[in-house]
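What follows is a short report on a single structure.
The values are calculated or read from the model by the stated rules, or taken from the named source; none is laboratory data. As the structure is a computational prediction, the values presented were derived from the model and not from experiment. Glycine also receives a Cβ, built like all others from the backbone with ideal geometry; neighbour counts cover every protein chain displayed.
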Amino acid sequence: MKKITFVISEARLHEHLSIMALSASLKNAGHETSLVFFQNDPLNRDKIVREIKKENPDFIAFSFMSCVKKHYVDLGNYIKQHMDVPIVIGGPAATFDPDLCNFNNNPFDAVCIGEGDISVVNFVNEYHSDENSKSLPNFVTKSGNGGQLRGELLNLIDPLDQLPFPDRKIIYDKDDFLRNSKIKMFMSGRGCPYQCTYCFNHKYNAMYRGKGLIIRHKTVDYFLDEILAIKKDYPMEGIIFEDDIFIINKEWLAEFSEKYPKRVGLPYMCYVRPNLVTEQIAKLLKISGCYSVRVAIECGNEPLRNKILKRNLSDEQILKSCHVLHEEGLKVGTINILGLPTETVENMKETLNLNRACKPEHVSANLFMPLPGVDLTFFAIEHSLLDKDFVSPKSSHHTSEMKYPEDIKRFLYPFKGLFPLLVRKKYMDNIAPFLMRLPKPLLKIIDSGYRLYSNSRFYPRVRFSILDKWRALRRYLAIISR
């Protein structure tokens with residue numbers, strides 16, 4: 001038996017689903033897992049090292065997003081100065097950022113490529129730092145591969161019911177905010193078949209071609225058993241289904257809409273894609289207890305949306321989907337990206353106008369985040385909008401490493417901060433020219449404040465105490481300040 005200690009040192013409003021899944025697989029294989037967690041004190045590395053030493057692990061594990069890569073590289077370097085324990089990383093950032101497999105530039109000993117549930121168990125069972133020729137499936141190791149994946153990628157896991165329920169205890173025992181949150185997050189399946197150039201899925205699908213079905217679901221009964229197990233032990237009044245596209249399997253959704261209200265019956269939010277929304281799909285969502293739906297518009301200019309982003313969605317499809325969802329009484333939220341490569345001021349205004357036509361109850365707008373390894377990042381580099389030695393993105397809330405022309409930069413940052421209000425409140429047109437001249441810190445406050453207010457009204461309605469709201473506000477501010 002080996003012991004694996006996961007480390008989280010950044011603010012989160014929802015559960016870290018990947019850590020819960022990996023911990024469950026490791027425990028199911030007879031290993032021990034633990035968590036070192038400093039949500040409110042992320043920079044105190046001495047405390048983190050002391051807690052890791054108390055755990056006395058055989059492996060330390062990180063799972064992080066590209067926008068916090070530098071933080072975890074710095075933390076890993078600090079840990080290595082005080083401990084000689086292999087550090088393993090995984091997730092999309094690890095899979096698609098070649099810099100993380102260059103062990104001369106970081107403190108990590110092994111990188112998990114792709115789906116890790118089974119491969120991480122194999123790794124823990126077989127890894128030895130002195131085996132220079134060892135090739136482990138899905139892993140790049142400092143000692144064995146020299147920065148290249150030499151072992152095979154395992155086939156994608158199917159059926160998903162063979163996996164144990166995610167180990168929520170590993171998170172909840174260390175984070176009472178997430179444990180006591182009345183909204184919990186779940187995933188019913190894995191995979192997205194679309195080719196959107198700003199997302200890692202198009203690269204993921206190419207990497208796994210011939211390795212099994214991209215789209216996989218837990219059976220409805222197994223999934224409901226998982227939800228009920230959490231409902232039994234923890235507070236839960238609403239759910240967020242975090243699947244990329246919750247409605248992608250119509251037959252699965254039909255069965256879910258019949259069984260979920262009887263067995264679970266909690267309001268939920270999910271993500272849909274406009275071209276898949278039909279009157280029948282909207283009815284199934286409503287019948288099942290769906291409260292709100294998020295629709296990704298991303299860009300209001302159709303040629304840019306379809307030729308550059310490869311969304312393959314018409315304005316008509318987007319407008320019709322929102323209309324159909326509203327007709328069933330569902331709250332609609334739109335998702336948008338501003339500051340896309342080659343996007344003009346007029347294009348951004350088109351995004352505003354398309355959002356207004358959709359009449360959403362909730363609006364989300366983030367700056368373009370150039371993820372390592374994806375096609376739109378390469379496009380930005382080719383058009384001299386991003387340094388060719390670009391390493392990792394910043395948070396998409398208020399900053400960007402894109403090299404925008406000055407006229408775009410002057411318009412983009414204040415426009416992004418006011419965008420949800422401009423969509424939702426028509427009177428904003430009269431005062432927007434004045435507000436866009438406000439200092440950036442004030443615009444940031446307006447953006448963050450309205451975002452938090454809007455989220456509270458769009459997520460499934462649950463009863464939060466004043467203390468709950470205060471703690472959620474503090475954590476939210478910690479996230480957006482990154």
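Conditions tested, residue by residue: (1) at pLDDT 95 or above; (2) of a type in the set (Gly, Ala, Ser).
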| residue | (1), (2) |
| --- | --- |
| 9 | no, yes |
| 14 | no, no |
| 23 | yes, yes |
| 27 | yes, no |
| 42 | no, no |
| 56 | yes, no |
| 63 | no, yes |
| 68 | no, no |
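For residue 171, indicate whether it is β-branched (Val, Ile, Thr), within 19 Å of the chain's Cα centre (by Cα), crowded, with 18+ Cβ neighbours inside 10 Å and in a helix (DSSP H, G or I).
yes
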| task | Please name all residue pairs, on different chains or six or more residues apart, with Cβ atoms under 8 Å, provided the first residue is in region 223-241 and is touching a residue at least 12 places away in the same chain (Cβ under 8 Å) and of a type in the set (Lys, Arg) and the second residue is surrounded by 14 or more Cβ atoms within 10 Å (Cβ to Cβ) and not in a helix (DSSP H, G or I). | result | 231/264; 231/266
| request: For region 58-65, state whether one or more residues are surrounded by fewer than 21 Cβ atoms within 10 Å (Cβ to Cβ) and either outside the structural domain of residue 120 (by TED's automatic domain parsing) or aliphatic (A, V, I, L, M) (or both). | output: yes
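Rundown of residues vs (1) within 21 Å of the chain's Cα centre (by Cα); (2) among the aromatic types (Phe, Trp, Tyr); (3) within 27 Å of residue 154 (Cβ to Cβ), yes/no style:
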{"residue": "203", "(1), (2), (3)": "yes, no, yes"}
{"residue": "221", "(1), (2), (3)": "no, no, yes"}
{"residue": "246", "(1), (2), (3)": "yes, yes, yes"}
{"residue": "259", "(1), (2), (3)": "no, no, no"}
{"residue": "263", "(1), (2), (3)": "no, no, no"}
| remark: Pairs returned, first residue in region 444-458 that is farther than 12 Å from residue 363 by Cβ, second residue that is at pLDDT below 85 and in a helix (DSSP H, G or I), beta-carbon separation under 6 angstrom, 6 or more apart or interchain, are 448/480; 452/476
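Which residue out of 11, 21 is surrounded by 15 or more Cβ atoms within 10 Å (Cβ to Cβ) and part of a helix (DSSP H, G or I)?
Criteria check complete, one pass: 21.
Residue by residue, here is whether (1) assigned by TED's automatic domain parsing to the domain that holds residue 96; (2) among the aliphatic types (A, V, I, L, M); (3) modelled with pLDDT of 85 or more; (4) not in a helix (DSSP H, G or I) holds:
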| residue | (1), (2), (3), (4) |
| --- | --- |
| 407 | no, no, yes, no |
| 412 | no, yes, yes, no |
| 421 | no, yes, yes, no |
| 460 | no, no, yes, yes |
| message | Checking residue 428 against (1) in contact (Cβ under 8 Å) with a residue 24 or more places away in the chain; (2) out of contact with any Pro (no Cβ under 8 Å at 6 or more places or on another chain); (3) surrounded by 13 or more Cβ atoms within 10 Å (Cβ to Cβ): exactly one of these is not met. Which one? | response | (1)
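Confirm whether residue 310 is under 28 Å from residue 92 (Cα atoms) and either without any contact (Cβ under 8 Å) to a residue 12 or more places away in the chain or aromatic (Phe, Trp, Tyr) (or both).
When the stated conditions are applied, residue 310 does not pass them.
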| query | Is at least one residue of region 203-215 under 28 Å from residue 312 (Cβ atoms), touching an Asp or Glu at 6+ places or on another chain (Cβ under 7 Å) and modelled with pLDDT of 95 or more? | reply | yes
| note | Residues of region 459-473 being touching a residue at least 60 places away in the same chain (Cβ under 8 Å) and surrounded by 13 or more Cβ atoms within 10 Å (Cβ to Cβ), in sequence order, are 459, 460, 461, 462, 464, 468, 471, 472
| task | Could you list all residues from region 353-377 that are polar (S, T, N, Q) and part of a helix (DSSP H, G or I)? | result | 353, 355, 377
